[in-house]
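Heads up: the structure comes next, in structure tokens.
The values are calculated or read from the model by the stated rules, or taken from the named source; none is laboratory data. Here the structure is a predicted model, which means the values were calculated and not measured. Cβ coordinates were reconstructed from backbone atoms using ideal geometry, including for glycine residues, and neighbour counts include every protein chain displayed.
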Amino acid sequence: MKVLGIETSCDETGVAIYDSEFGIIADQLYSQVEMHAEFGGVVPELASRDHIRKLLPLVELALKEANCEPADLDAIAYTFGPGLVGALLVGSTLASTLAWSWGIPAIPVHHMEGHLLAPMLEEESPEFPFVALLVSGGHTQLVDVRAVGEYKLLGESLDDAAGEAFDKTAKLLGLGYPGGPSVAAAAENGQVDKFKFPRPMTDRPGLDFSFSGLKTHTLTLANSQRNEKGEIDEQTVADIAAGFQEAVADTLVIKCRRALEQTGHKQLVLAGGVAANMRLREKLAQESEKKDWALHYPRSKFCTDNGAMIAYVGALRAFDRLKAVDPLKAVEHRFDNYDISVVPRFPIDQLESV
Ligand code: KG4
Ligand code: ZN
């Protein structure tokens, strides 16, 4: 089975083809980062317009890369949510239109399920059950994963997501967009313990997160370090970046430890854009070795948004759909009839199991 996957939930246009026999056979990505960098963050209307420009050419490139004709495809998967509504509509419209005209199913895929199952594309993939730490620009969640579609939310951020905290910290330090990579790069030259940072919500039980206080702490600290011209010297920026990154990583590690103790699972999956953070990976690897857990994360390009994870989940769900005896099993938001519908917010634990 070959499934074309389309991802347009935010500022990356991703198109890939997953082959159930050979894995990912095409992977095309266009990042709008440069366009949004000028504004210091994603401008939703510009994102939608750029997806319109890039999506169809990327579909053509993906077919060429995989040496495929449309007739070779069995389904088209697309991100139906969560995400920016205009951006999602571009992917959903093209996916449903192509699927209708090629006579194959259009499979709506949940963006965070894409992130969560992306490590399955690696050679050493995790086995169910496991705990997943999903850390992206819009979400910070701990999920108990029992099977495909069997997700129990253990905890999540009550305010800013971890990626959002990186992005806002980068902005106030005058570093580039997106914030995660630029804070991480600055942190390389910084001293982690030059300034003190809190590890929010780790002094009380529970698996929820809160990063807005850490952001305010960083803002106050940065302002206290500005000279009369309002500038902060490069070394201080690096020290603040290092201290901030360490605090986020420590907080995430503490909560992962709790989640694994609570569930009794022995495997941890790290996914989403912030999973590309080397310091976080390093700290989780140290903790995993100490506690004898297996740690899995996708290769860096499958941590941030991409079409491959959508094609993969689409294949899992298409396979389930094609073998379903009862066509009414096709539920609204899950398996549509070429409806062009998107859902900006959709809790992952409300997905159907496969
Ligand atoms: O998963 P993703 O590509 O998009 C969303 O679904 O949100 O995640 C993007 C987020 C951004 O906030 C970005 O700053 C963060 O992931 N990110 C990182 C790194 N690379 C991307 N955060 C920390 N360290 C990184 N190396
Ligand atoms: Zn994402």
Which residues, counting only those in the stretch 61-96, are modelled with pLDDT of 95 or more and more than 25 Å from the chain's Cα centre (by Cα)? 64, 67, 68, 69, 70, 71, 72, 73
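Specify which of the listed residues (52, 25, 76, 6) is in contact (Cβ under 8 Å) with a residue 12 or more places away in the chain, within 16 Å of ligand 1 (Cβ to nearest atom) and either in contact with a strand residue (DSSP E or B) (Cβ under 8 Å, 6 or more places away or on another chain) or more than 16 Å from residue 314 (Cα to Cα) (or both).
Working: 52 fails: within 16 Å of ligand 1 (Cβ to nearest atom); 25 fails: within 16 Å of ligand 1 (Cβ to nearest atom); 76 fails: within 16 Å of ligand 1 (Cβ to nearest atom).
Exactly one residue qualifies, and that residue is 6.
Please specify each residue of the stretch 139-159 satisfying the condition of being under 15 Å from the mean Cα position of the chain (by Cα), buried (at least 19 other Cβ atoms within 10 Å of the Cβ) and of a type outside the set (A, V, I, L, M, F, W, C). Explain how you work it out, then say what you get.
Step one: list which residues in the stretch 139-159 are under 15 Å from the mean Cα position of the chain (by Cα), which gives 139-143, 156-157.
If we keep only those that are buried (at least 19 other Cβ atoms within 10 Å of the Cβ) as well, we get 139-143, 157.
Across the stretch 139-159, the qualifying residues are 139, 140, 141, 157.
If we scan the stretch 51-67, do we find a residue that is part of a loop (DSSP other than H, G, I, E, B), assigned by TED's automatic domain parsing to the domain that holds residue 98, of a type in the set (Gly, Ala, Ser) and crowded, with 21+ Cβ neighbours inside 10 Å? First the steps, then the outcome.
First, the residues of the stretch 51-67 that are part of a loop (DSSP other than H, G, I, E, B): 66-67.
Right, trim to assigned by TED's automatic domain parsing to the domain that holds residue 98 and you get 66-67.
Those still in the list that are of a type in the set (Gly, Ala, Ser) too: 66.
If we keep only those that are crowded, with 21+ Cβ neighbours inside 10 Å as well, we get 66.
There is at least one residue in the stretch 51-67 that is part of a loop (DSSP other than H, G, I, E, B), assigned by TED's automatic domain parsing to the domain that holds residue 98, of a type in the set (Gly, Ala, Ser) and crowded, with 21+ Cβ neighbours inside 10 Å.
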Exception for residue 38 within (1) more than 16 Å from ligand 1 (Cβ to nearest atom); (2) touching a residue at least 60 places away in the same chain (Cβ under 8 Å); (3) of a type in the set (Asp, Glu) falls at (2)
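Within the stretch 82-147, considering only strands (runs of 3 or more DSSP E) that don't extend past its boundaries, which have at least 1 residues that are among the polar types (S, T, N, Q)? Write out each step before concluding.
Values: elements: 106-110, 130-135, 140-147.
Answer list for the stretch 82-147: 140-147.
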Return yes or no: is residue 83 in contact with a strand residue (DSSP E or B) (Cβ under 8 Å, 6 or more places away or on another chain) and within 16 Å of ligand 2 (Cβ to nearest atom)? no
Do we have any residue at all in the stretch 162-182 that's in contact with a Pro (Cβ under 7 Å, 6 or more places away or on another chain) and either within 16 Å of ligand 1 (Cβ to nearest atom) or under 26 Å from residue 267 (Cβ atoms) (or both)? yes
Test: residue in the stretch 56-72 that is under 12 Å from residue 7 (Cα atoms) and within 16 Å of ligand 2 (Cβ to nearest atom): no
Within the stretch 273-296, identify whether any single residue is in contact with a Phe, Trp or Tyr (Cβ under 7 Å, 6 or more places away or on another chain), in a strand (DSSP E or B), crowded, with 21+ Cβ neighbours inside 10 Å and in contact (Cβ under 8 Å) with a residue 12 or more places away in the chain, and answer yes or no. no
Scan the stretch 1-27 residue by residue and report those that are assigned to a strand (DSSP E or B) and crowded, with 24+ Cβ neighbours inside 10 Å. 3, 4, 5, 6, 7, 13, 14, 15, 16, 17, 18, 26
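Does the stretch 163-174 contain any residue that is under 30 Å from residue 127 (Cα atoms), of a type outside the set (Val, Ile, Thr) and assigned by TED's automatic domain parsing to the domain that holds residue 253?
Within the stretch 163-174, the first condition is being under 30 Å from residue 127 (Cα atoms), and the residues that meet it are 163-164.
Filter once more, so that each one left must be of a type outside the set (Val, Ile, Thr): 163-164.
Those left that are additionally assigned by TED's automatic domain parsing to the domain that holds residue 253: 163-164.
Among the residues of the stretch 163-174, at least one is under 30 Å from residue 127 (Cα atoms), of a type outside the set (Val, Ile, Thr) and assigned by TED's automatic domain parsing to the domain that holds residue 253, which makes the answer yes.
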Just to be sure I understand the filter: pairs with C-beta atoms under 8 Å, separated by 6 or more residues or on different chains, first member in the stretch 145-161 and in contact (Cβ under 8 Å) with a residue 60 or more places away in the chain, second member exposed (fewer than 15 other Cβ atoms within 10 Å of the Cβ) and of a type in the set (Gly, Ala, Ser). Which pairs pass? 147/353; 148/353; 149/353; 150/353; 155/206
